[in-house]
Amino acid sequence: MASKQQITDAIYNAIDEVNAAQGSENQIAKDPKAILFGQGGKLDSLGLLTFVLQVEQRIQSAGHPSFTLTDEKAMADTATAFRTVDTLSDYILSRLA
Amino acid sequence: MDIKNIHCLLIADHTIDQLGAILKSSDDSPTVKATIAHFDQVQQILMNPALSCWKEGANAALVWTRPERAIDAFRRILSRERVTQEELLAEVDEFASLILRASERVEAVFVPLWTMPAWWRGTGGLELKSRPGAIGAVRALMLMNARLAEKLEASSKVHLLDAARWMASAGKNATNPKLWLMTKALYSLEVFKDAAADIKAILRGIAGLSKKLIVLDLDDTLWGGVVGENGWEGVALGGHDPVGESFADFQRALKGLKNTGVILGIVSKNDEKTAVAAIRENPEMVLKDSDFAGWRINWLDKATNIKELAEELNLGHDSIIFIDDNPAERARVKESLPLVTVPDWPADKMLYTQALHALRLFDRPSVTDEDMGRTEMYVAERQRTEAKSSSVSMEDWLASLQLKVTYEPLGPGNIKRAAQLFNKTNQMNLTTRRMTEAELLAWGQEKNHAMYAYRVADRFGDYGLTGLAAVEVNGSEATVTDFLLSCRVMGRGVEKGMLTTLLDFAKKLGAKKTTAKYIESKRNKPCHDYFKDESGLPKNDAATEFWWTHDQDFPTPAHITLVQGTGAEAPADEKEPAHA
């Protein structure tokens, strides 16, 4: 799990999962610019945490068992790191570096 | 239950909002409106019908609890406190009684069985043991679930759900301790998706929408290889070969479904003689020719054959599933018969059995005696048809059937089946009234009312309770309020025998004239046609009132033996009515 594309694929995979509970009007697009958190975002707090844990599980399963997106640092960075698919990919990449 | 208007109240001691969203948004039918009850107030909500959550129009409820929260004795077991089995089960009984009370407020209650997270293993094998005053947690959980199932078994409204299967299917992702700690959501979306799919499958079953007929291809579907080329000796089936064994397993799974009332049929492009010989002569065949209600084995288009088979078995296309290894045949049937369910089928033959078991198409609230013997009834029907084709005339055929119609008042021996028939018969139904068992019994017991149940049998077999009719006498005027008959026995003169019993009753009570008022529904034109012909009145398609005066007798057809029964007890081989 080194490339940004692989991380983006893991995020898309998690989007597929959470979209099942999002209703047709709140589907999240599988697009780098799709907003995940903040103004224009379609996830409520439960949905965001579920999504974050889904992404975390996928990164862990891809060879980074200690990886976490729910520690204090990640929570503190939420507003910027979780803004879009693209910012989240970059953030995960930086945490894995 | 109105399948288009399901509103489910979700009652849980864990966050369950996402299940509500999935129930609402899933592509699977039916769409379910969900209301989330107050978090972690399960007992209070079950106990108190006055709470506002019960007043929002829910016609179904889900009660999903954590075992340690619903049953305090189990929490104490997890804390290694001393708990007796009696204490534990007494609490389960109390919880079951709360569910039964709540079930009075809705038409269906879903209860997932209790589970523990897969990561919880306690002290291993000790959790399965018991000693005085101490029960292992896993053992306790098994006892609790078994007791809950036992206590709720009698209720036709309560549906238990196998939550352990959802957990096994989701594996280690079924629960996430972090999700629980941060959101109080105990289960993952994977679990909720499985739960929603199971709930919807049961709802379809309650609504009578489960699949009734599996139409099967033969070559590379029921056995491996092409029988026309290799002969039955050369196909892969059974033996000591993984592919052959997988086909035998698949046939065993199909036979299991058949034994619960699912009908099997064959539509195959083959030479009929060769294929039937393979079914009859191959000792490895698990399915015998008597397991199939009918078949079309020829070189014609499969969609046309399925259509014909459906007509022969009197089944709607929406009750059929078609299984074929060939994607082109599946595509053709999908396109031509859009109401027939055509599941994608694995290319790997060793996955057939798994694919069959994964289908959520056969759920039903219960399995009746009739369900278990349904194929036999179709085989008998095939024999009747053969007799019909060899008879010179319709009269000869009817006479050859040796029809016996037994009529009886409603009573404990027939009320359950009578109510089922009353509430699901559509075609031969004069007024399409719908009533509960209690309402039917009460109506039938009123003065000057008669409501009869009719059992029909012939020399080929017993159709069971297949008719219901009622008449109300007011002075010199009588009215046929209900007249309904299963489509299985329509057109054989049974209708006339039924009418005779009603007219006799009316005449004995002094009626001079009996009237049948037809109320049109979407599907009861056959009933209109019958009364139009039978009344002897001038033919008029728009007529909705038909009458008979009692200045003359109304004879029973000569080919029918009419017998009066008591209705006190169901015959030992009683068959329940089929959908009509």
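The values are calculated or read from the model by the stated rules, or taken from the named source; none is laboratory data. What you are looking at is a predicted structure, and each value in this text was computed from that prediction instead of being measured. Methodologically, a virtual Cβ is constructed for each residue, glycine included, from the backbone with ideal geometry; neighbour enumeration extends over all protein chains shown.
Could you go through the stretch B:46-57 and let me know if any residue there is aliphatic (A, V, I, L, M) and within 12 Å of another protein chain (Cβ to nearest Cβ).
Taking every residue of the stretch B:46-57 in turn, none turns out to be aliphatic (A, V, I, L, M) and within 12 Å of another protein chain (Cβ to nearest Cβ).
What about B:Val111, is it more than 14 Å from chain A (Cβ to nearest Cβ), surrounded by 19 or more Cβ atoms within 10 Å (Cβ to Cβ) and at pLDDT below 95?
When the stated conditions are applied, B:Val111 does not pass them.
Based on this model, can you work out whether B:Glu229 counts as over 18 Å from B:Ala21 (Cα atoms) and among the charged types (D, E, K, R)?
yes
Of all residues in the stretch A:53-67, how many are more than 9 Å from chain B (Cβ to nearest Cβ) and either among the acidic types (Asp, Glu) or surrounded by 15 or more Cβ atoms within 10 Å (Cβ to Cβ) (or both)?
Here the count works out to 7.
Among the residues of the stretch A:12-31, is any touching a residue at least 24 places away in the same chain (Cβ under 8 Å), over 22 Å from B:Leu181 (Cα atoms) and of a type in the set (Gly, Ala, Ser)?
no
State which residue is modelled with the highest pLDDT when the search covers only the stretch B:343-384 and only residues that are small (Gly, Ala, Ser) and assigned to a helix (DSSP H, G or I).
B:Ala355
Checking the structure you have, find out if any residue of the stretch A:32-43 is within 14 Å of chain B (Cβ to nearest Cβ) and not hydroxyl-bearing (Ser, Thr, Tyr).
Yes, there is a match, as at least one residue in the stretch A:32-43 is within 14 Å of chain B (Cβ to nearest Cβ) and not hydroxyl-bearing (Ser, Thr, Tyr).
Among the residues of the stretch B:164-200, write down those that are in contact (Cβ under 8 Å) with a residue 60 or more places away in the chain, buried (at least 19 other Cβ atoms within 10 Å of the Cβ) and not basic (Lys, Arg).
Within the stretch B:164-200, B:Thr183, B:Ala185, B:Leu186, B:Tyr187, B:Leu189, B:Phe192, B:Ala195, B:Ala196, B:Asp198, B:Ile199 meet the criteria.
In the list B:Ile11, B:Ile36, which residue meets the criterion of being crowded, with 20+ Cβ neighbours inside 10 Å and either within 14 Å of chain A (Cβ to nearest Cβ) or in contact with a helix residue (DSSP H, G or I) (Cβ under 6 Å, 6 or more places away or on another chain) (or both)?
Matching residue, one of B:Ile11, B:Ile36: B:Ile11.
Please specify each residue of the stretch B:14-33 satisfying the condition of being within 14 Å of another protein chain (Cβ to nearest Cβ) and over 18 Å from B:Leu186 (Cβ atoms).
Selection gives B:Lys24, B:Ser25, B:Ser26, B:Asp27, B:Asp28, B:Thr31, B:Val32, B:Lys33.
Could you please let me know if B:Tyr530 is assigned to a strand (DSSP E or B) and hydroxyl-bearing (Ser, Thr, Tyr)?
So B:Tyr530 does not fit the description; no.
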